[in-house]
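Visitor: Starting off with a structure, shown below.
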């Protein structure tokens, strides 16, 4: 589903503002948990929530989930799957942070009573798309990519610098068009 | 029943951010909201949920900013705890097998209760 007009530019501005708020330069990496702490978002490690060892063992084997966030009064908590790679966890946590920054309403309803089944009350493709896009900007901002390419960084070096993963770096390079920008600039220098 | 939305704060911010922009233009920008609805909200009428969410998005503010904090009212609420619904953003595969779904929902419940306990303790320390 296409994002609403102006959202992409808005997400890049948020990525810059996040860095500025944290005392970072536009091209610096942004650590998801540090940014969450800055925003007052808390974390609940899975073993803190689930004490039963058998249940914990089942959860540690599950790969089908990445993270969820809940509100308790005004406090927001994120629970993420810590069995995933660091790069994937960074993206997942930034995705949850992005829901908060975008003011999205949560869509999964889980009854507190055990035994009752939950349901997805409404699935807004739009909000998932927005959170995905903003998470990408927060992790690998366009300004950061431009700096990295100017400094001759490889994709692997960018992964380390932005604390991200290869899939995200290559996706953001493609989506921002930074490579075409540099290629066009090199062509016009040669022509001049 | 007490209103869950801080309507005065929402109305004030909406009016201020709208600035010199006309009601019709602002309503168009917000999307699927009429100018007259926007005017009523600025005068203190509580919007429906969908309109409230759209306005928050336009303002660039999280919805939580305008929500009244939960309050305990004693035994009456305790009866309702059994019917309490936890709303969550969930990042997971779209199709989950029944065991995964059950395990995840249990985790969400446990995390919610642990967070509630932590917030209660925090409240006592403050």
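Visitor: Tell me which strands (runs of 3 or more DSSP E) are completely within the range A:39-119 and hold 1 or more residues being touching a residue at least 40 places away in the same chain (Cβ under 8 Å) and under 30 Å from residue A:157 (Cβ atoms), or say none if there are none.
Guide: By residue number, A:75-80.
Visitor: Follow-up question, since we're still on this one. Taking the conditions exactly as written (at negative phi, surrounded by 15 or more Cβ atoms within 10 Å (Cβ to Cβ), facing chain B (nearest Cβ under 8 Å) and within 22 Å of the chain's Cα centre (by Cα)), does residue A:105 satisfy them or not?
Guide: yes
Visitor: Identify the residue in the range B:53-93 that is closer than 17 Å to residue A:130 by Cα and more than 7 Å from chain A (Cβ to nearest Cβ) and, among all such residues, is modelled with the highest pLDDT.
Guide: Checked the range B:53-93; the qualifying residue modelled with the highest pLDDT is B:55.
Visitor: Would it be correct to say that residue A:26 is farther than 23 Å from residue B:112 by Cβ, part of a loop (DSSP other than H, G, I, E, B) and at pLDDT below 85?
Guide: no
Visitor: Sticking with this one: Kindly provide the set of residues from the range A:66-102 that are within 7 Å of chain B (Cβ to nearest Cβ) and farther than 23 Å from residue B:53 by Cβ, ordered by number.
Guide: The answer is A:66, A:79, A:92.
The values are calculated or read from the model by the stated rules, or taken from the named source; none is laboratory data. All values derive from a computational prediction rather than experimental measurement. Neighbour counts run over all protein chains shown; Cβ positions are idealised from the backbone, glycine included.
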